[in-house]
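What follows is a set of notes on a single structure, which appears directly below.
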Amino acid sequence: MTKLLLTLHVLAAIMAVGPVAVAASMFPPAARRADGEAAVHTVRLLHRICRVYSGIGIAVPALGFATAAAMGVLGSGWLIASITLTAVAAGLLIAFVLPHQDELLVELDAGRPAERPVTVRLAMFTGVFNLLWAAVTVLMIVRPGSTTGA
């Protein structure tokens, strides 16, 4: 059962977090270049990917908790750090990345160009979001203090 849970957890992370990370990273430059209806459509599509896949991404920590419980590692420092970083990444996505994307879409839909300072700020939040996920991935692989030899 542990192997199944771990497999589902990793697949969920790849299939849900990956698209959010990529689409969120593509959003600011696409918004900056959006000068016609087709370009605005691309920005809307990137935003929809972020929203839909972030909802699906809830499966990642849910499966992670189930996997950790099955492995008996819920109290491990590396796991607690990973949980904390995951919560911070989710908070950043919910509080900053998605709302800033919404604001930019309102501007673009109104026919106003995306202002560079706004897209730069969004790119910064997105970069921090991606760095947090990279740190979680490293912790999941290296597992400092683990006795499994990994």
Helix 59-71 versus the longest principal axis of the chain: what is the Cα-based angle in degrees, 0 to 90, to the nearest 10? 10 degrees
Segment 1-49, relative contact order in percent, only Cα pairs under 8 angstrom and at least six apart counted: 34 percent
Relative contact order [Cα under 8 Å, 6+ residues apart], the chain, whole percent: 32 percent
On C-alpha positions alone, give me the angle between the axis of helix 98-109 and the longest principal axis of the chain, in degrees, nearest 10. 20 degrees
Give the average over all directions of the projected area of the C-alpha convex hull of the chain, one decimal, in nm². 8.8 nm²
Can you compute the charge dipole magnitude of segment 1-105 about its Cα centre, using +1 on each Lys and Arg Cβ and -1 on each Asp and Glu Cβ, nothing else charged? Give it in debye, rounded to the nearest 20. 180 debye
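Every read-out reported here was derived from the displayed coordinates using simple, explicitly stated rules and does not represent laboratory data. This is a predicted model, so every value here is computed, not measured. Quick reminder, even Gly has a Cβ in these numbers, built from the backbone with ideal geometry, and neighbours come from all protein chains shown.
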